[in-house]
Number of protein chains: 2
Amino acid sequence: MTPEFNCAVIAKTSGVFNRQGMTDAAGKQTSLEGQDAFLPPNTRRSLPIALLRAREAVMENFRPMLAAHDLTEQQWRVIRILAEQGVIDASEMADKAFILPPSLTRIIRTLEERGLISKLRDENDGRRVLLEITSSGLSIIEQVAPESKAIYERLQSRFGREKIDVLLDLLDELADLSQQS
Amino acid sequence: MTPEFNCAVIAKTSGVFNRQGMTDAAGKQTSLEGQDAFLPPNTRRSLPIALLRAREAVMENFRPMLAAHDLTEQQWRVIRILAEQGVIDASEMADKAFILPPSLTRIIRTLEERGLISKLRDENDGRRVLLEITSSGLSIIEQVAPESKAIYERLQSRFGREKIDVLLDLLDELADLSQQS
DNA sequence: GACTGTTATTTAACATGTTAACTTAAATTT
DNA sequence: AAATTTAAGTTAACATGTTAAATAACAGTC
């Protein structure tokens, strides 16, 4: 059963296509009623939007706390990964933080200007930019990390650890799937 | 078990903290080794990043096709929802497409300039902006929708419909959870 | 060692995300 | 009905996403 692509189901559940079928003042057709073959998948059960909604819902919990420390989500990811990993280069950071290189360039600039990280030269490869967290950056980590941990644990206990584990496994599998082909 | 917050586990699995413990040339401490209480959650099992990765992986499948039709993901969501729903106002669109009002304002402007949608006045409420898809917009829908459907079905068959259903249920539940509190 | 190709990073240009402030119209209050 | 409050959109300002092109350094070939 794949109701996502079935116009009849959409029409019945949305309740919009039931009243006379969407024509504007001039009587032109303004929706796709009766064109089942071309109807797009129902927005409500679409994976991209569901992933977006869930991500937004999760981030809502963290954003106020990060904003209080004047950090964006991406800036937090960068300094947190530096605290975990030590010195790494920009490419590795882009991979681990899932930030595209052009965005990372700007984020690095901002964080360096704020004195939270510093750039180092790689003696073996002049192309690479090595990143290191500063003591100032570490001190922010020490403030934010406990709050972040508390928020995550509250989320975990409300949603259920087992369900989060199942979810993480499914998400990883989905990501790995498209990674290959 | 919550290995996400256990420094020992991170140190063992990342293999980075094992060699002498991350000090820079001057000997200053540059990572959080030995500060378990402040260590952030392990990036690799974090819900926000997992959701981001999964979403990116899914969108990779659609983006080339949308780009071939000169559509961004968000523009496609807007005209698709108009095709499904008929005439709706901007607020309802923002809700259904999960696009923030300022972004939607710009997207509406772009789509109207391209002649894919048109704005109407709401006679009952002068504040509202009603949106309607044009015949030109419908014709794009008719081209893109079958391709979109094919891509989604390929994804479904590769990942498994049952697993997608389980995933969608978990994502919805997670989104609804944070929606309330 | 000059040529070619590849890799890491940056820049450019445009689109969207995010928060706050602003504008206008409706709805409420008094 | 005037004043206040609320709601819908927009604008502004800055941050990030996204793709393509440019730059610079490395790697391999001849």
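Checking each residue in the range A:26-83 for being in contact with a Gly (Cβ under 8 Å, 6 or more places away or on another chain) and at pLDDT 95 or above picks out A:ILE79, A:LEU82, A:ALA83. Evaluation of A:SER91 against the conditions (1) free of Cβ contacts under 8 Å to residues at least 12 places away in the same chain; (2) more than 19 Å from B:ARG45 (Cβ to Cβ) shows that the sole unmet condition is (1).
I'd like to check something: does the range B:62-77 contain any residue that is within 9 Å of DNA strand C (Cβ to nearest atom) and either more than 30 Å from A:LEU177 (Cα to Cα) or touching a strand residue (DSSP E or B) at 6+ places or on another chain (Cβ under 9 Å) (or both)? Within the range B:62-77, none of the residues are within 9 Å of DNA strand C (Cβ to nearest atom) and either more than 30 Å from A:LEU177 (Cα to Cα) or touching a strand residue (DSSP E or B) at 6+ places or on another chain (Cβ under 9 Å) (or both).
Exactly one residue among B:ILE141, B:ILE164, B:ILE151 is touching a Pro at 6+ places or on another chain (Cβ under 8 Å) and either crowded, with 19+ Cβ neighbours inside 10 Å or of a type in the set (Val, Ile, Thr) (or both), and that residue is B:ILE141.
Of the residues making up the range A:84-94, those that are more than 7 Å from chain B (Cβ to nearest Cβ) and either at pLDDT below 95 or touching a helix residue (DSSP H, G or I) at 6+ places or on another chain (Cβ under 9 Å) (or both) are A:ILE88, A:ALA90, A:SER91, A:GLU92, A:MET93, A:ALA94. Taken over the range A:74-95, the criterion of being within 28 Å of B:GLN74 (Cβ to Cβ) and surrounded by fewer than 15 Cβ atoms within 10 Å (Cβ to Cβ) is satisfied by A:ASP95 alone. Cβ separations smaller than 7 Å between residues 6+ apart or across chains give no pair from the range A:98-115 residues that are farther than 23 Å from B:ALA57 by Cα and within 14 Å of another protein chain (Cβ to nearest Cβ) to residues that are near DNA strand D (Cβ under 6 Å from one of its atoms) and acidic (Asp, Glu).
Taken together, the residues in the range B:135-160 that are at the interface with chain A (Cβ under 7 Å from one of its Cβ atoms) and among the charged types (D, E, K, R) amount to 3.
The values are calculated or read from the model by the stated rules, or taken from the named source; none is laboratory data. As the structure is a prediction and not an experimental result, all values here were calculated from the model. Note: ideal-geometry Cβ built from the backbone for every residue, glycine included; neighbour counts use all protein chains shown.
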